[in-house]
Amino acid sequence: MSNLNSSNVMGLKFASAGVMGYQEAAYLFMEERAAFNAGNSDPNGLYNWAIWDLLEGSDVSAGKLNNASEEAQVESYLTAAETLGKDGKLTPSQFSNVVIYTPTDTSANGPQEFFGYDTPPATPEPPSLMLLGTGLVGIVGLLRRKPFA
C-alpha cells in the first residue's frame, strides 16, 4: 500500500472510497491482526464487517450480525478508523507491508478485495550458509582425492 495513490485507487473495486478509505480499511486490517496475535480472536468477523461497511459506503452489516452489541462494536471500529483518517494520522507508508488483493472478477456480484501481508522472501542466515559451504567444500575434497595404490 505504500504506492497507494488516487490513480491506483481508480483501478480498485471500491474506487469511490478513495485513498483515505483504503487507508482506513488497512488500519482496520492491522487492528484485526493485532487483536488476533494478542489472543483476542474475532470469530464473528466484526473487523471485516467494519471494512465492508467502510468500502461499500453503507451499513452492510445492519441486520446481519447476531445482536446489537456486535453492531455497536462494528460502529466503534469504523469511528476509530474514520477519526484517524480525518485527523491525517494515516499515511500509505504506515501500511507498506499490507497488500490489497484484487480478484479478477470485479463485477458487482464478484468477490470483494481483501487485505493481506506482503512477506519478504526468507533470507538464509549466515551460519546456515557457512554450514552449506563447508559441506560443499568437503564433498569436492572427497571427489578430488586420489585413491591409494
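Bear in mind that the values in this text are calculations on the coordinates, not laboratory data. Remember, it's a predicted structure, so these values are computed and weren't measured experimentally. Note that we place each Cβ from the backbone using ideal geometry, even for glycine, and neighbour counts take in every protein chain shown.
Values as computed for the structure displayed
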{"quantity": "Crossing angle, helix 68-86 versus the chain [Cα axis fit, 0-90 degrees, rounded to tens]", "calculated": "70 degrees"}
{"quantity": "Length-normalised contact order of the chain in % [C-alpha pairs under 8 Å, at least 6 apart]", "calculated": "26 percent"}
{"quantity": "GNM flexibility winner over the chain from Val19, Val60, Val74 (Cα, springs under 10 Å)", "calculated": "Val60"}
{"quantity": "Gaussian network model of the chain, Cα within-10 Å springs - most flexible of Met30, Met130, Met20", "calculated": "Met130"}
{"quantity": "Alpha-carbon centroid distance for the pair the range 46-84 / the range 129-145, whole angstrom", "calculated": "60 Å"}
{"quantity": "MRE, 222 nm, helices only [DSSP H, n ≥ 4, -39500 (n - 2.57), over the chain, to nearest 500]", "calculated": "-16000 deg cm²/dmol"}
{"quantity": "At 1.306 mPa s and 10 °C, Stokes D of the range 6-117 from Kirkwood alpha-carbon radius, µm² per second", "calculated": "110 µm²/s"}
{"quantity": "About the Cα centre, charge dipole magnitude for the chain (Lys/Arg +1, Asp/Glu -1 at Cβ), debye", "calculated": "1320 debye"}
{"quantity": "C-alpha long axis of helix 18-37 to longest principal axis of the chain, angle in °", "calculated": "60 degrees"}
